[in-house]
Every structure is written in C-alpha cells, then in structure tokens.
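Here is the structure we will look at.
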Amino acid sequence: MTATLLTTRRVEKPWGRDHLWQGFADPAPGTKIGEVWFQTVDPGAADLLIKYLFTSEKLSVQVHPGDDEAHARGLPRGKDECWVVLAAEPGASIAIGTLAPMTPEELRTASEDGSIEHKLDWKPVKAGDFYYSPSGTIHAIGAGITVIETQQNSDTTYRLYDYGSNRELHLDDGVAVAQAVPYVAPSAPGRVAEDRIILVEGPKFVLERWPGGQRTVTLPEGRPGWFVPITGEGVVDGVAWRAGECLQLTGTAHISASAGSDLLLAYPGDTRI
C-alpha cells in the first residue's frame, strides 16, 4: 500500500484546550488537549513527527538539542521543528530567539529569576504565518494559537522557564545547547516551485505546501513522506482522507484533492522528489 492513514494520540497538557479545531472532536468536559500526534506503526523509528498544537496559555520557554548533542546523550536525533499557524486570537504571539545576544551565564540568571520572558523576541502571529525553529533556538508558543508542527521525531525538550509553575526545569542541559541570539529566518523561506511552495528545504526535513487537484508523488524506496491536509478532502490510491488527518506515503502515490484544498507534504531532508 502506498498510503496509510495514521492513528492519532491525544496528549493532555495544562496549557491545552477543551475546544479544538475543525476535524477534531472536542475532549470530555474537564479535559484539556494540547497536542494531537500522528503515529506510524513503529513511532520511535520514524524520522519525522506531525502534530497539531492547541494552546490556551503560554508554553514554557524551551530549547531542543541538535543531532550531535542528542547523539552525545544517547538519543537518536535532535529536534528541528516548524509551525504553520492555522488560527490565532487577537494579540497572540510566538517567542523565537532573544532580543539581544546573551552569554550562558546571563541566560541561566535570566531563566532563574524569570526575566528571560521579557528578553525574548515575541512576534505577533496570525493565521497563515510560518516559522522554522532550528535546534538550539530558544522559543515559546503563546496562548490562543492553533498550529501544525512538523518536527524531527524527538520529544526531548529542555525547559528554561515556566512562569513560576512547579514543573521541572532543565537549566544545565538547556543552557548547554541554547543559542541565545536573535532569530534569523532561514534564507528564502516560501520559495515557489511550479505549483507548490517550499516552506523548508532541509537539512533535517523538507516541507511543501500545495493547492488541490491531481498530483503524483514518487518517493525513494524506504523514504516515506507525511501528507497533511489542512483543508479539503480527497483520495490517495483508494484511501479516503479529509482535513485533520495525516497519511504516510511510500513509493508512487496518486493524490486527488478537492478544489480549494490546502495541503502539506513533509519528508526527510536527504530525500528529493
């Protein structure tokens, strides 16, 4: 089979919501869902992970290790990630990078006394915005935002600050891997190539955005892709899909998408199609 509909894992978070997004049933009363993960048959072996995030409060100030740092700790990979913003309440923002360069000592002190929150570059966001966050980037997603997150398949997060909560911080590891500098967006994001937009061109993964219609995709043997319909509905080689789902594609896949669909395809950075 060239297309497999992935199962979902709902993750409760204190900053989650009880009202999610179109295509997702709301959770039971009193339950806050912060993330929905799309899982492969062997979740730990996949190169990438696709998530939806639903926030009602600010997420912690955090940072992720790169591949080399992860390998030194016995982990399979680091964590580059990116966000396609689907919805944002008025005044919503995402922090990415610091306002000015900070030494490791300054970063630790600011994390300990809470001033780090005000030394981050909080950027206002709206539906349609896109950010790529390489490993080592200090960041925090604000309240009132719905995003699709494409990331390397790692759940390693080092919290630097959590607004006075009692959750564990990871200052030694976080300061060691953090690049406490102003954020610089990757060169030429959103490059248009024929009838698609290239949002990310590696090195860890590629992310493309497509309109609806008919399309054939050929992936190299052993290198799957993740097909994420933001809006619309259709069929991939006999497998029906709709917005809010995710399919893993292998080999040559024939995609039919309704007019007006908004679609993502992610695949490992060493793959080209």
* Asked: Take the residues of the stretch 1-23 that are under 25 Å from LEU75 (Cβ atoms) and either without any contact (Cβ under 8 Å) to a residue 24 or more places away in the chain or in the same structural domain as THR150 (by TED's automatic domain parsing) (or both): which is surrounded by the fewest Cβ atoms within 10 Å (Cβ to Cβ)?
  -> GLU12
* If a residue has to be part of a strand (DSSP E or B) and surrounded by fewer than 17 Cβ atoms within 10 Å (Cβ to Cβ) to count, how many in the stretch 79-107 make the cut? -> 1
* Which of the residues that make up the stretch 1-34 are in contact with a Phe, Trp or Tyr (Cβ under 7 Å, 6 or more places away or on another chain), closer than 16 Å to GLU149 by Cα and charged (D, E, K, R)? -> ARG9
* Asked: Can you pull out the residues in the stretch 24-71 that are among the aliphatic types (A, V, I, L, M), surrounded by fewer than 21 Cβ atoms within 10 Å (Cβ to Cβ) and part of a loop (DSSP other than H, G, I, E, B)?
  -> ALA25, ALA28, VAL41, ALA46
* Asked: Of (1) in a strand (DSSP E or B); (2) over 11 Å from the mean Cα position of the chain (by Cα), ALA110 satisfies all except one. Which?
  -> (1)
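Answer yes if at least one residue in the stretch 200-208 is out of contact with any Phe, Trp or Tyr (no Cβ under 9 Å at 6 or more places or on another chain), of a type in the set (Lys, Arg), in a loop (DSSP other than H, G, I, E, B) and surrounded by fewer than 19 Cβ atoms within 10 Å (Cβ to Cβ), and no otherwise.
no
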* Structure fact -> VAL177 passes all but one of the listed conditions (1) within 18 Å of ILE148 (Cβ to Cβ); (2) in contact (Cβ under 8 Å) with a residue 12 or more places away in the chain; the exception is number (1)
* Asked: Which members of the stretch 125-166 meet the condition of being acidic (Asp, Glu) and either in a strand (DSSP E or B) or in contact with a Cys (Cβ under 7 Å, 6 or more places away or on another chain) (or both)?
  -> GLU149
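The values are calculated or read from the model by the stated rules, or taken from the named source; none is laboratory data. Given the structure is predicted, the values throughout are model-derived calculations rather than measurements. Reconstructed Cβ throughout: ideal geometry from the backbone, glycine too, with neighbour counts over all protein chains shown.
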